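Okay, structure first, notes after.
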Amino acid sequence: MSEAFDKLAAPATELDRSGDMCSGHAAAVTVSLPFAHNIFDIFDRCTVNYAAFNSLHGLAPDSLPIGCISHTSSHVGEKAESPMVKSLLESLNVATHSVTARQLFRTEYGETIEGHSNIRWYCTFNQAKQQQRLYQHFGPWVQQLEVAGVVSQTVAKLRSALLQSGTLQLELLIMVDAFEPFVIACYTFGFR
């Protein structure tokens with residue numbers, strides 16, 4: 001059984017990235033395993049893995065698909081309702097596409113602006129935490145963007161967000177304080 005598992009855990013570089021190829025490889029290896037008694041399958045939630053699971057499902061019809069714990073954990077908080085923070089971070093994400101805006105940020109704060117990834121929720125958390133920490137000094141960077149004439153529409157949105165200062169600060173505090181334990185757990189358990 002150990003030998004079959006070693007074959008099943010072959011490096012991804014050796015496999016075609018299609019669901020059919022992955023499931024074909026898994027089926028060929030698992031014929032020596034009691035696959036029909038499989039209770040669940042844990043896998044990343046990417047399309048290829050769902051295709052592989054669906055084509056193997058006939059071999060173990062009672063098997064349940066369970067999304068990878070680390071990927072599930074990394075989505076903690078993505079449905080959090082914080083419209084002001086969402087608006088601020090959307091504007092920041094647009095600004096990060098400007099080389100000048102990134103350079104001005106680095107000059108003003110001595111660090112790079114946190115980037116965003118649609119794959120990992122904690123990137124949003126990291127952005128919010130950075131903005132909460134730098135909030136008192138955020139105005140000068142926005143003013144520098146305005147003077148430099150870069151990302152003009154984004155500057156208007158950033159200014160609008162700053163006008164809602166109390167609400168924005170409260171949302172940033174809640175987001176950081178409420179979700180920091182989850183993010184720490186994700187990092188601690190290697191769910192990155």
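Nothing in this text is a laboratory measurement; each read-out follows from the coordinates by a stated rule. None of these values were measured; they are calculated from a predicted model. All Cβ positions, even for glycine, are placed from backbone atoms using ideal geometry, and neighbour counts span all protein chains on display.
General observations
- The modelled label-to-label distance between residue 86 and residue 39, using points 7 Å beyond Cα along the C-beta direction, is 3.8 nm.
- Net charge over other residues, Cβ less than 15 angstrom from the Cβ of residue 157 (K, R count +1; D, E count -1): 0
- Ordering of 154-163, 83-92 by packing is 83-92, 154-163, highest average first (other Cβ atoms within 10 Å, averaged per residue).
- Principal axis dimensions, largest first and in whole angstrom, of the range 83-188 by Cα: 41, 27, 23
- From the largest down, the range 107-162 spans 33, 22, 19 angstrom on the principal axes of its Cα atoms.
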